[in-house]
Amino acid sequence: MHLGHADVIRRTVAAAKSEKAQPALITFEPHPRCVLDPANCPQSITTLQEKLARIESHGIEHAIVLRFDRALAALSPQEFVDQLAAVMDVRRWVIGFDFAFGNERRGNANWLRDHGFAVDVVPPFMVDGKALHSSEVRRLVTLGDMELANRLLGREYSMSGPVEAGDRVGRSLGFPTANIAIEPNKLVPALGAYAGRAKAPEGDFIAALSVGYRPTFGGTQLRVEGFLLDFEGDLYQQRLEFRFVRYLHPDIAFPTVDDLVQQLKRDVADTRRIVRP
């Protein structure tokens, strides 16, 4: 979800109020391209769990998650609408400017209007004179440009997951980190160190984050981990959310462990300076 999606949701909530109806949102899982063009399946900016939480926080009362498969893709626009009509009374559609549905994308705003539906078409959300697309957010996250990505998202890019058991290398260096499991198809930021935050059951903390393979130790497993500043306790098997604020530097193979420790100290100092409580 980015600012463009938030705009559609805001207009949906407003339309529901004017219609004396309940705001609902329909989403597909997985992304249709992952079924129709698997070689170009986009990675998820938000997982389904993250998406549902954000939808609710924006005022949507009902989220309808439709499993997208080839059977659903084969439905005609009329068949798709008939299936919705069997379980809900749609008073008004609020759709993005490029919305299409049904086999071969034959359903659109004009089709809905021709079949008696009230339709609000939301124009492109413009940022610096350019229409906002999810592909641009993915590109920025992949490059590590978190500041611009966060601006387009309207929030800090995040990754969530249960804390996994690690090899305790960070603890031996004086910087105990929490490693989170990477959820399937979740978009992972560029390899490197980041200033960020962590949301834990105990509260919110400033966190020095890392995405990489621990090259100083010859690591081969991609890890997303964080050192929570001013935290004491055990996070194992708890669920954490890491929020990425600013890219600090690439994933570096240091010549000595002492060089690594000195860089970790600088990363923590930079993180404390950059991220405000």
| If you go through the range 1-26, how many residues are of a type in the set (Ser, Thr, Tyr) and either surrounded by 15 or more Cβ atoms within 10 Å (Cβ to Cβ) or in contact with a Gly (Cβ under 9 Å, 6 or more places away or on another chain) (or both)? | 1
| Scan of the range 29-58 for residues that are of a type in the set (S, T, N, Q), over 11 Å from the mean Cα position of the chain (by Cα) and closer than 21 Å to residue 182 by Cβ, ordered by number | 40
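Does residue 170 satisfy the criteria of being of a type outside the set (Lys, Arg), surrounded by fewer than 19 Cβ atoms within 10 Å (Cβ to Cβ) and in contact (Cβ under 8 Å) with a residue 40 or more places away in the chain? It would help to see each step written out before you state the result.
Values: of a type outside the set (Lys, Arg): yes; surrounded by fewer than 19 Cβ atoms within 10 Å (Cβ to Cβ): no; in contact (Cβ under 8 Å) with a residue 40 or more places away in the chain: yes.
When the stated conditions are applied, residue 170 does not pass them.
Considering the range 58-88 alone, what residues qualify as being in a strand (DSSP E or B) and in contact (Cβ under 8 Å) with a residue 40 or more places away in the chain?
Taking the range 58-88 and keeping what is in a strand (DSSP E or B), we get 62-67.
If the condition is that a residue be in a strand (DSSP E or B) and in contact (Cβ under 8 Å) with a residue 40 or more places away in the chain, then 62, 64, 66 are the ones that fit.
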| request: Working only within the range 241-259, note down all residues that are of a type outside the set (Asp, Glu) and either assigned to a strand (DSSP E or B) or at pLDDT 95 or above (or both). | output: 242, 243, 244, 245, 246, 247, 248, 249, 250
| Does at least one position in the range 152-174 carry a residue that is farther than 17 Å from residue 242 by Cα and touching a His at 6+ places or on another chain (Cβ under 8 Å)? | yes
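For every residue, the table says whether it meets (1) at pLDDT 95 or above; (2) hydrophobic (A, V, I, L, M, F, W, C); (3) farther than 14 Å from residue 210 by Cβ.
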| position | (1), (2), (3) |
| --- | --- |
| 129 | yes, no, yes |
| 135 | yes, no, yes |
| 138 | yes, no, yes |
| 149 | yes, yes, yes |
| 165 | no, yes, yes |
| note | Picking from 206, 180, the residue that is out of contact with any Lys or Arg (no Cβ under 7 Å at 6 or more places or on another chain), under 18 Å from residue 245 (Cα atoms) and surrounded by 15 or more Cβ atoms within 10 Å (Cβ to Cβ) would be 180
| query | Pairs under 9 Å by beta carbon, first residue free of Cβ contacts under 8 Å to residues at least 24 places away in the same chain in the range 208-225, partner hydroxyl-bearing (Ser, Thr, Tyr), six or more apart or different chains? | reply | 219/213; 220/213; 221/213
| When you look at residue 117, is it in contact (Cβ under 8 Å) with a residue 24 or more places away in the chain, at negative phi, in the same structural domain as residue 19 (by TED's automatic domain parsing) and assigned to a loop (DSSP other than H, G, I, E, B), yes or no? | yes
| query | Is one or more of the residues making up the range 135-142 outside the structural domain of residue 231 (by TED's automatic domain parsing), crowded, with 17+ Cβ neighbours inside 10 Å and out of contact with any strand residue (DSSP E or B) (no Cβ under 7 Å at 6 or more places or on another chain)? | reply | yes
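The values are calculated or read from the model by the stated rules, or taken from the named source; none is laboratory data. What you see is a predicted model; the values in this text were computed from it and never measured. As a convention, Cβ positions derive from the backbone with ideal geometry for all residues, glycine included, and neighbour counts pool all protein chains shown.
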